[in-house]
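Okay, so here's the structure we're looking at.
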Amino acid sequence: MLLKNLKQYDIYLLALLMYVPFIFLGYGSDMDTYRVLWTGQRMATLLDYVPSRPPGFLVFETITYFLNSIGGSILTNLGAVVMSLVMIYCLKFILETYQIPNRFILLLILMVQPYYWMNSTCTMDFLFALGFSFLGFVLLLQGKNTFAGIAMGLAIGSRISAGLACAGFLLFLFITQPQQRRKLILSGFIMGLIGILVFLPSADFAGWSLRFMRPAVGGAEYWSLFLRAGRFVYKSLTFWSIPVIVLLAAALFLAFRRFKDIRQSPQAKIFIFSAVMLLAYEAFYFYIPTEPGYLLPTVPFMIILLGIILSDKRWMLVTIVLLLLASNFVAINVARPNVINKATEAEYGLWIEPGHMISDVQARANLAATGFRYESGQ
């Protein structure tokens, strides 16, 4: 009995083994992290809110301040680990609820995805937004609508783009569970109320205008249709890796061939919903293709789709896991921008480079070596 009980926690123990060793490497490699720390310190000392960057991330900034005050970077990073475990639990629950097979392998796809792995170990908001939003969905499925509304409001306060998933969850259940509509309206009201409240400090900072909603993405010279499309394609390749993109394309082709069978399956509704949400986040990323991490909300929806499309092709799912795992250490690159994050042109070729994990750990080490102090913002 004890062994059986332990077995159900295997996936969480594995996640801890994968993630915990990285929490001792400083706050992270993204400068936005240090802006978050500066914002929290300013709020506490001056009682004045200045968003770490538009439009504001009040929930994450506040949580990070308290964790940092108690335990520094180790505790703030551990907060991301906890939210990653929440996300793993939520995806596991969804896969079980909709009877999608090969669940352990599908969860491994999430866990070893390079950007998910590294964001599960650093002080950044992606996992908080992802964890809170999917926790809201699970709570809705469990009929805990008040808590679901609170969780989804916290997701929006952690990262506003989480509102896309939260609205999608509510609409999906509103359509598929008409008997729950009154409770879903309550959840939506709570979510919306919290969502408004958490952005009032940003509105105040912007002089009670909507200027705080404008993303800081540089001048128009970086955003011609050609450059936008180029960034979208290149960073999507970077996010998944070229070998995995090939397999995802093969799965998409297979989905078209099997679409009639899928539509008649018990998973048809969650399949269509996941496809719509995947397209919605891809469209959002096409609008603002900056950091590859913006694509993290697509991962659980992609996993649900793969679980249904490849339900009888376990070998393809295992191959995806292995390729994603390898891409943490080594990556194939086909373009090098003239200026990192501000490219207006690129050199094209074929290069074998360190994978995202290696690059991220090196960036953390380099940042720590510079003696960067977030208190002064430099």
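Got a sec? Which residues in the stretch 57-85 would a label at residue 48 touch, if it sits 7 Å along Cα→Cβ and we count backbone N under 20 Å? Within reach of a label on residue 48, which here means backbone N under 20 Å from a point 7 Å along Cα→Cβ, the stretch 57-85 contributes 57-58, 61-62, 65. Result for the chain in a Gaussian network model with C-alpha springs under 10 Å: among 205, 239, 137, the largest mean-square fluctuation is at 205.
Which residue, 47, 127, 310, has the most motion in a Gaussian network model of the chain that connects Cα atoms within less than 10 Å? Of 47, 127, 310, the Gaussian network model singles out 47 as fluctuating most. For the stretch 228-378, the spherically averaged projection of the C-alpha convex hull amounts to 11.3 nm². Whats the longest run of the chain with zero trypsin sites (Lys or Arg not before Pro) that are DSSP loop and have at most 14 other Cβ atoms within 10 Å? The longest uninterrupted stretch comes out as 1-341. If the limit is 25 Å between Cα atoms, which of 235/269; 92/313; 144/269; 183/269; 92/144 go over it? In this structure, 235/269 exceed 25 Å between Cα atoms.
The calculated FRET efficiency for residue 347 paired with residue 245, based on their beta-carbon distance and R0 = 25 Å, is about 0.75.
Classify the stretch 103-226 from the C-alpha gyration tensor, please: rounded if a/c falls under 1.5, else prolate or oblate depending on whether a/b exceeds b/c. Oblate. Using the rule -39500 (n - 2.57) for each DSSP H run of four or more residues, divided by the residues of the chain, the 222 nm mean residue ellipticity is -22000 deg cm²/dmol.
Calculated FRET efficiency, residue 175 to residue 265, Cβ-Cβ distance, R0 = 22 Å: about 0.80 to the nearest 0.05.
Using C-alpha pairs under 8 Å with a sequence gap of at least 6, the mean separation divided by the residue count of the chain gives a relative contact order of 21 percent. Quick check: from the Cα gyration tensor, does the chain come out rounded (a/c under 1.5), prolate or oblate? Rounded is the answer for the chain, as its axis ratio a/c remains below 1.5. The Cα-based radius of gyration of the stretch 163-203, divided by its Kirkwood radius, gives an Rg/Rh of 1.08.
Determine, at each q value in 0.13 (inverse angstroms), the log₁₀ of I(q)/I(0) that the Debye formula gives when each Cα of the stretch 136-287 is one equal point scatterer. The Debye formula, applied to the Cα set alone, gives -0.84.
Ranked from largest to smallest solvent-accessible area, with a 1.4 Å probe on the protein heavy atoms, 82, 334, 321 come out as 82, 334, 321.
Ellipsoid semi-axes for the stretch 1-96, based on the Cα gyration tensor and the rule √(5λ), read 32, 15, 11 Å when sorted largest first. Just so you know, the Rg over Rh for the stretch 314-361 is 1.11, from Cα atoms, with Rh as the Kirkwood radius. Between residue 279 and residue 200, the modelled label-to-label distance comes to 3.9 nm, taking each label 7 Å out from Cα in the direction of the beta carbon.
The values are calculated or read from the model by the stated rules, or taken from the named source; none is laboratory data. Values in this document were obtained by computation on a predicted structure and should not be read as measured data. For neighbour counting, all protein chains shown are included, and Cβ atoms are generated from backbone atoms with ideal geometry for every residue, glycine included. Heavy atoms of the whole protein, side chains included, go into the accessibility calculation; ligands, DNA and RNA do not. Shrake-Rupley method; radii C 1.70, N 1.55, O 1.52, S 1.80 Å.
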